[in-house]
Structures are given as C-alpha cells and as structure tokens.
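First comes the structure, then the notes that go with it.
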Amino acid sequence: MTVKTNERPGTRAVLRHSRMSASKAREVLDLVRGLDYTRAVELLDHTERGAAPVVAKLLRSAAANAEHNDGQSPEELYVASCYADEGATLRRFRPRARGRSTRIRKRTCHITIIVARMPEDQIARLKARSAAQNADRRARRVAGARRRARADEAVEETTAPEGAEAAEMAEETALPEAQAKKAPAKKAPAKAAPAKKALAKKAAPAKKAAPAKKAAAPAKATGVFGRIAKKSTRKPSGEDRS
C-alpha cells in the first residue's frame, strides 16, 4: 500500500498563501527532495532563485520543530517529502487601448516540507564519513605544522654558523680595545714655549695734507643788477669807437 505524500511520517512545516506561483516553488523543492538536512541548507543558500530563501527558511523551521517537539538531532534528518499546492489567485485588471482591460492573475501557493530521521545504516555511514574527513583534516594540519617546524630548524642551522663566526670576530676585535683601555696613556713631553718676539710697532704713516680749497667764486648777481652788469661788460660797438 502506497503512502500519500501528505501522509508521510515525520515533522512538517507549512507556509500558506506564499506570494509566488506553485511552479516557481516546485523548481526549488525538486533540488532538495531526499537530501539530508545539512546538504539541503547549503544548497538552498547558494541557489539563485527567488523562492530559495523562502524554502530555506521553511526547512529550518521544520528542523527546529523536529528538534524541540520530537527531540531529534538536525544532523540526522533528511527531507522526506516537499511539495507546493496552488492557493488563491488574486485578480487585478489593467487598462488597455480602446477602453478595454486585461486581467492580471497574482497567484499564491501553499508550501509543505516534511523532515524525518534517516535510517540507522545511513546515519552510521554519515558518521563514518564525517570521522574520516575530520581525521584527514587533522592529519593535514599536523603534517603542515611538522613541515613548518622542519623549515624553521633548517633556517636556524644555516644561520647558527654565521652567528658563531660573527661572535668570534666580535670577541677578537673587542680584546685589543679592552687592553688599550686598561694600559695607561703615555704623556707627551712638554714642548718649550718659543720666546715671543717683540713686534715693532709700525709707525702710522703721516696723513697727507688736504689740498687747499679753491676760493669761492663770487656770487652771481641776479635780477636787474645782473642785467646791468652784463650790459657794462659788453664790448663797445663800432659807433662808440668812432
């Protein structure tokens, strides 16, 4: 006897009157049907569909119902069934040419997701796979740490001789300096101060006598008297000589 889709055992979550068509929701539901809960959530988070966030939220709600109401672990759940039914259709109208109008159908749907516990053998396989993956990751981490430690040791071994040589050279140069500091410095013999020669003061040269100033020229007469003087100094003309 076949079991109907809406009668399958498990924990369910229902979203009613979602503002999208049932065909758009079914495209996303077909991706996660039969997958385990962890894989289904990862797939929905990276699906570029408008219905993907709605279905992911509904799937998390179903897992939370199973955890709190039935005491089941989300890691042991899988999507047993999921479907979308058509809901009420909202009818709107848009005016068109020549006084006519066209109908706009805004469809809705009811989405249902049912999660159930996986069979024991499948749970055991998943646990073994998870343990193997964890062991592989740990082995890679340990191997990487060992490689880094060996590389650091090799670097230290190559730099150690250079450091020893530098230390020896520093000691060799430091010994003579220390000995030079300990030995008292010999005082140089004092040199006799040379006799100071008497510097003969040179006689200051005699200052040259300043040249005698020229006699000041008589002031020129100005005005009427000047014109008279000019006339008197003018040479007589021929008439006057006769």
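The values are calculated or read from the model by the stated rules, or taken from the named source; none is laboratory data. Since the structure is predicted, the reported quantities are computational estimates derived from the model, not experimental observations. We place every Cβ from the backbone using ideal geometry, glycine too, and count neighbours over all the protein chains shown. With ligands, DNA and RNA removed, areas are computed over all heavy atoms of the protein, side chains included. Shrake-Rupley method; radii C 1.70, N 1.55, O 1.52, S 1.80 Å.
Would you call Lys4 within 39 Å of the chain's Cα centre (by Cα) and farther than 25 Å from Ser130 by Cβ?
Criteria not met by Lys4.
Quick test of your reading of the structure: Arg147 fulfils all but one of (1) open to solvent by less than 90 Å² (accessible area, probe 1.4 Å); (2) farther than 30 Å from Ser73 by Cβ. Name the failing condition by number.
(1)
Can you find a residue that is free of Cβ contacts under 8 Å to residues at least 24 places away in the same chain, polar (S, T, N, Q), surrounded by fewer than 12 Cβ atoms within 10 Å (Cβ to Cβ) and over 30 Å from Leu35 (Cβ atoms) anywhere in region 101-120?
Yes, the conditions are met somewhere in region 101-120.
Return yes when Ala40 is in contact with a helix residue (DSSP H, G or I) (Cβ under 6 Å, 6 or more places away or on another chain), in contact (Cβ under 8 Å) with a residue 12 or more places away in the chain and either over 26 Å from Arg105 (Cα atoms) or buried (at least 17 other Cβ atoms within 10 Å of the Cβ) (or both) and no when it is not.
Against the criterion (in contact with a helix residue (DSSP H, G or I) (Cβ under 6 Å, 6 or more places away or on another chain), in contact (Cβ under 8 Å) with a residue 12 or more places away in the chain and either over 26 Å from Arg105 (Cα atoms) or buried (at least 17 other Cβ atoms within 10 Å of the Cβ) (or both)), Ala40 qualifies.
In the list Leu58, Leu15, which residue meets the criterion of being over 28 Å from Ala124 (Cβ atoms) and either open to solvent by less than 40 Å² (accessible area, probe 1.4 Å) or in a loop (DSSP other than H, G, I, E, B) (or both)?
Leu58
Assess whether Ala22 counts as being touching a residue at least 40 places away in the same chain (Cβ under 8 Å), open to solvent by less than 80 Å² (accessible area, probe 1.4 Å) and over 16 Å from Ile113 (Cα atoms).
Criteria not met by Ala22.
Every residue in region 111-122 that is more than 12 Å from Lys24 (Cα to Cα) and not charged (D, E, K, R), please.
Within region 111-122, Thr112, Ile113, Ile114, Val115, Ala116, Met118, Pro119, Gln122 qualify.
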